[in-house]
Amino acid sequence: MSETTILEARGLDKHFGHLHVTRSLDLTVQTGRIHALIGPNGAGKTTALSLLSGNLAPDAGRVVLNGRDITLVDLPRRVDMGICRSWQTSSPFAGFNVGENVVLSALAATEKRVRFFPRASADVDRNSFARSLLGDVGLTVDPSLPVIELDHGARRLLEIAMVLATRPSILLLDEPMAGLAPSDVRVVSDLLLGLKDDHGLLLVEHDMDVVFTLADEITVLADGAIVASGAPDAIRANPVVRALYLQEER
Amino acid sequence: MADPGAGITTVQAGEEPPPIGGRRMRRSFVLTVAVLAILGVSPLIIEPIGFGYLESTLTRVAILGMAAVALDYIVGYGGLISLGHALFLGAGAYASGILLFHLGDRAWATDQALIAWPFAMLVGALLGWGFGALALRTKSVYFIMVTLAFNQMMFFLFNSLEAYGGDDGVRLGARNRLGPLSLEDDRMFFYVCFALLVLAVVWFNILIRSPSGWILRGARDNELRMRSVGAVTRRHQLAAFVMSSAFVTLAGALAVNETQFMSPGISHWTQSGELLLMLIVGGVGSLVGGVIGAGVLLVLEEIAIGYTSDWAFYVGAALIVIVMLARGGIAGVILGRHRNV
Amino acid sequence: MELFFEQTLNGLQAGFTLLMISSGLTLIFGMMGVLNLAHGSLFMIGAFVGADVLARTGSFEIALLAGVIGATIAGILMETVVIRWLYHRDHLDQVLATFGLVLMANQGVQMLWGSQPRTISRPGWLEGALPVLPGLQYPIYRIAIMVGGLLTMVILWLLIERTRVGMWIKAGQTHRELLGALGVNVTILFTGVFAIGAALAGFAGVVAAPYLTVESGMGDNFLILSFVVIVIGGIGSLKGAVAGSLVIGLVGAWGQTYLPRLLTNFTDPSAAAAIGSSVASASIYLVMAAVLIFRPEGLFGGARG
């Protein structure tokens with residue numbers, strides 16, 4: 001097992017106009033653990049993830065990586081530090097084919113300076129890395145396929161491959177399972193369990209079976225605040241959480 | 001030119017490019033070569049068929065075609081719509097023109113193209129760096145407004161240069177000297193401009209395939225997504241803006257040689273609009289489209305002048321129709337694709 | 001001191017003229033999301049129609065009315081024939097199509113009225129000057145422009161803040177999709193807002209014409225200055241347009257007077273005059289650059305998309 005990385009949210013607060021979407025949020029993501037973030041629609045799950053990934057700045061509170069305050073570090077520089085997020089809406093780069101999308105992600109994470117040589121597609125190591133990632137996530141389509149020809153499930157898998165291409169140590173995944181076929185859910189579940197050993201994972205997910213199978217720790221959000229947090233069994237037994245979800249189903 | 005879509009499927013050394021994407025790549029390459037070849041032989045064939053008067057127009061096609069290609073790199077591949085690129089035409093005209101104007105009365109003056117043209121590109125790159133860094137602090141429609149404003153600022157600056165004729169401009173009455181080549185000969189001057197155009201087309205084709213060019217194109221598709229995989233997109237956009245500026249400035253230096261006349265008119269904001277117009281007529285995001293657009297517009301204009309003085313009115317009307325109906329431009333029709341800016 | 005006061009008044013007058021153009025532009029852009037390069041052409045059309053009617057009737061008041069009506073009709077034509085189809089297009093399409101309108105308008109006025117520049121002279125009853133300070137006479141016409149500009153803005157403000165249509169306009173700035181749900185006829189509303197912007201531009205065109213030459217392309221610089229106003233003030237709010245317009249007007253007026261003087265301290269007078277005038281014309285853009293550096297979202301702007 002490689003060294004442990006710990007990403008923490010400490011008292012994060014965020015407003016959108018008059019909406020208080022995140023209320024004093026504390027959260028820990030660390031190597032070797034899968035942390036799932038659940039809650040009803042509009043609970044502020046994606047906002048929380050955005051605050052951790054750096055594409056939103058909190059109004060108050062801090063984001064801390066291995067004891068270092070990174071609240072003011074922007075999105076690309078957090079990727080340099082090993083934090084990478086996926087997006088709920090699959091939006092691969094339309095001007096590139098499937099394989100190139102993964103290559104481009106790997107390239108973006110490493111090419112910090114402006115370079116015009118050699119050709120972006122000429123790096124053999126990077127290309128085979130991208131190819132192996134496509135295999136890892138179980139995406140079996142022809143890499144030279146235009147991304148617009150991918151179906152929804154394949155796009156979700158590509159999304160994960162693109163995150164992995166940045167070689168992150170912390171993965172922040174926004175509904176990775178949404179819209180996947182059961183067979184693909186199994187592939188991604190196995191993948192995430194495999195990643196767990198040397199990665200920290202935060203999962204925003206609606207699929208409760210997945211959450212309770214995979215997660216080591218579950219945090220339940222409602223109206224931007226933490227309702228409950230703990231091991232899956234404790235969460236399952238929590239009456240407040242049960243009420244919240246029964247209410248949702250009704 | 002290879003199509004940007006030559007991806008990781010070409011991993012194994014010696015492997016043939018895959019069929020998917022390959023056909024488009026070959027067609028785009030063929031189109032580029034064909035367009036440049038047609039432009040290259042045109043001066044030799046127009047005289048016998050009775051269009052000899054178009055020779056200087058062809059030179060302007062090569063010059064403004066180069067500017068349009070350079071503009072396409074940021075508009076078509078970067079999604080950054082600059083409505084200020086005429087300022088770089090003006091910068092190139094004044095940078096090389098002033099060096100030439102003072103020949104004989106200032107020690108720093110020179111008529112050597114090998115000094116004046118690179119100097120102009122350097123000036124253009126520096127201006128592009130400054131204006132680009134400021135304009136890139138905004139996005140989308142504000143970027144258009146800011147670049148247009150800088151265009152106007154430089155236009156007024158050129159107008160205020162009383163030493164060089166103010167808003168009337170000044171006659172230079174000579175061209176730069178380029179080694180043993182006689183640029184005073186119009187045919188020779190055309191081929192020098194043409195060679196530089198080919199160079200620009202090759203260079204920007206290299207750029208769109210480069211690591212920086214990929215990030216530029218990715219940011220056009222989705223900038224937030226590009227940043228979220230670690231790309232410092234603004235740095236690459238600025239690099240592209242500087243590159244584009246430098247080549248438009250070179251075109252400006254060539255333009256002042258073509259007319260042998262230095263005036264602010266070349267940097268009027270409508271010239272920026274016309275560069276964009278060339279792009280959309282020829283096809284945005286195809287590089288060679290800029291050359292096609294410049295050719296079609298300038299040649300038609302030259303011919304139309306014999307029949308109407310209201311050419312601009314009809315161009316305006318045609319432009320609106322093109323925007324409404326044929327979004328891929330001529331290159332898009334030939335290559336069977338639509339732009340996705 | 002008199003000079004400073006006079007230049008300040010000149011700056012305010014220029015600012016109010018600009019405001020009549022930029023307020024329409026910012027309303028249209030804020031509501032419909034269309035960047036209309038042809039907004040300056042409406043200013044020009046107003047001036048041309050005004051000059052034409054003035055030559056026929058000799059009445060400035062009728063000319064002013066005709067200029068406003070002419071620009072409004074041109075604006076409604078523009079919106080219904082071209083711009084309406086651009087609301088869902090990308091910015092490149094909008095820029096190019098409205099640039100096509102600019103080309104048509106700039107050439108069209110020459111086809112209609114010839115390439116000879118025209119003039120509009122001030123109405124007789126606004127000739128002369130008023131003592132605004134001891135020892136400072138200020139032209140009545142310039143004061144009238146300011147009063148007229150102020151009145152127009154008050155009316156516009158009342159329209160937006162106090163009427164149902166204004167409520168729709170405000171809703172359209174932030175939640176465009178909501179308008180349909182409110183049962184508003186969005187098509188007519190958009191055309192109406194465009195017509196208001198066109199009328200304002202046409203009004204400005206006639207009113208400012210005595211200090212300008214009525215010629216093809218005369219609106220272009222006002223268009224570009226309006227963009228500078230929007231960048232400085234921030235989009236969509238009248239407040240931003242007011243602040244931006246006055247800043248531009250004042251900086252331009254002060255810069256023209258004081259920069260050459262400042263430079264005489266460093267270099268000989270003729271060179272100072274030459275450099276000064278170019279620096280002065282650049283000064284407003286330097287203000288814009290400063291705003292971009294320190295407050296890229298504009299003085300009154302929210303987040304920019």
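The values are calculated or read from the model by the stated rules, or taken from the named source; none is laboratory data. Computed from a prediction, not measured in an experiment: that's the story for all the values here. All Cβ positions, glycine included, derive from the backbone under ideal geometry; neighbour counts span all protein chains shown.
Evaluate the following for residue B:226: is it assigned to a helix (DSSP H, G or I), of a type in the set (A, V, I, L, M) and without any contact (Cβ under 8 Å) to a residue 40 or more places away in the chain? Spell out how you get there, then give the answer.
On the way: assigned to a helix (DSSP H, G or I): yes; of a type in the set (A, V, I, L, M): yes; without any contact (Cβ under 8 Å) to a residue 40 or more places away in the chain: yes.
Considered against the rule, which asks whether it is assigned to a helix (DSSP H, G or I), of a type in the set (A, V, I, L, M) and without any contact (Cβ under 8 Å) to a residue 40 or more places away in the chain, residue B:226 comes out as yes.
Suppose we keep only residues that are aliphatic (A, V, I, L, M) and not in a helix (DSSP H, G or I) within segment B:162-185. Which one would you say is nearest to the other protein chains (Cβ to nearest Cβ)? Full working, then the answer.
Applying the first criterion (aliphatic (A, V, I, L, M)) to segment B:162-185 yields B:163, B:170, B:172, B:174, B:178, B:181, B:183.
Remaining after also requiring not in a helix (DSSP H, G or I): B:170, B:172, B:174, B:178, B:181, B:183.
Values: B:170: 15, B:172: 21, B:174: 26, B:178: 26, B:181: 29, B:183: 30 Å.
Among them, the one singled out is B:170.
Do we find that residue A:237 is at pLDDT 90 or above and over 19 Å from the mean Cα position of the chain (by Cα) in this structure?
Numbers: at pLDDT 90 or above: no; over 19 Å from the mean Cα position of the chain (by Cα): yes.
Judged against the criteria, residue A:237 is not a match.
Output the number of the condition that residue A:89 fails; it satisfies all remaining conditions of (1) in the same structural domain as residue A:218 (by the TED database); (2) under 25 Å from residue A:110 (Cα atoms); (3) free of Cβ contacts under 8 Å to residues at least 12 places away in the same chain.
(1)
For residue A:70, all conditions in the list (1) closer than 30 Å to residue A:10 by Cα; (2) free of Cβ contacts under 8 Å to residues at least 40 places away in the same chain; (3) within 7 Å of chain B (Cβ to nearest Cβ); (4) β-branched (Val, Ile, Thr) hold save one; what is the number of the exception?
Condition (3) is where residue A:70 drops out.
Only residues that are hydroxyl-bearing (Ser, Thr, Tyr) and facing chain B (nearest Cβ under 8 Å): list them for segment A:81-96, please.
Of everything in segment A:81-96, just one residue is hydroxyl-bearing (Ser, Thr, Tyr) and facing chain B (nearest Cβ under 8 Å), namely A:91.
Identify the single condition in (1) within 17 Å of the chain's Cα centre (by Cα); (2) over 19 Å from residue C:197 (Cα atoms) that residue C:155 does not satisfy, given that it satisfies every other one.
(2)
Out of all the residues in segment A:127-144, which are facing chain B (nearest Cβ under 8 Å) and surrounded by 16 or more Cβ atoms within 10 Å (Cβ to Cβ)? Before you say what the answer is, go through the steps one by one.
Our first condition is that a residue be facing chain B (nearest Cβ under 8 Å); within segment A:127-144, this holds for A:127-128, A:130-131, A:142-144.
Correct list: A:127, A:130, A:131, A:143, A:144.
Got a number for residues in segment B:117-145 being within 9 Å of chain C (Cβ to nearest Cβ) and either β-branched (Val, Ile, Thr) or more than 21 Å from residue C:290 (Cα to Cα) (or both)?
Residues flagged as within 9 Å of chain C (Cβ to nearest Cβ) and either β-branched (Val, Ile, Thr) or more than 21 Å from residue C:290 (Cα to Cα) (or both) within segment B:117-145 amount to 3.
Hey, any hits in segment B:102-114 for a residue that's surrounded by fewer than 21 Cβ atoms within 10 Å (Cβ to Cβ) and in a helix (DSSP H, G or I)?
Within segment B:102-114, one or more residues are surrounded by fewer than 21 Cβ atoms within 10 Å (Cβ to Cβ) and in a helix (DSSP H, G or I).
Inspect all residues belonging to segment C:101-109 and state whether any of them is assigned to a loop (DSSP other than H, G, I, E, B) and either under 17 Å from residue B:309 (Cβ atoms) or within 11 Å of chain B (Cβ to nearest Cβ) (or both).
No, there is no match, as no residue in segment C:101-109 is assigned to a loop (DSSP other than H, G, I, E, B) and either under 17 Å from residue B:309 (Cβ atoms) or within 11 Å of chain B (Cβ to nearest Cβ) (or both).
Out of the residues in segment A:97-113 that are more than 7 Å from chain B (Cβ to nearest Cβ) and surrounded by fewer than 24 Cβ atoms within 10 Å (Cβ to Cβ), state the one that is nearest to residue B:213 (Cα to Cα). Explain how you work it out, then say what you get.
Within segment A:97-113, the first condition is being more than 7 Å from chain B (Cβ to nearest Cβ), and the residues that meet it are A:98, A:101-102, A:106, A:110, A:113.
Within this subset, residues satisfying the condition of being surrounded by fewer than 24 Cβ atoms within 10 Å (Cβ to Cβ) are A:110, A:113.
Details: A:110: 14, A:113: 12 Å.
Result: A:113.
Based on what the data block shows, is residue A:222 under 30 Å from residue A:130 (Cβ atoms), aliphatic (A, V, I, L, M) and more than 17 Å from the chain's Cα centre (by Cα)?
Here the answer is no, as residue A:222 does not meet what is asked.
Consider only pairs whose beta carbons are under 6 Å apart and that are at least six residues apart or on different chains; among these, list those whose first residue lies in segment C:196-217 and is free of Cβ contacts under 8 Å to residues at least 24 places away in the same chain and whose second residue is part of a helix (DSSP H, G or I).
Final answer for the pair search is none.
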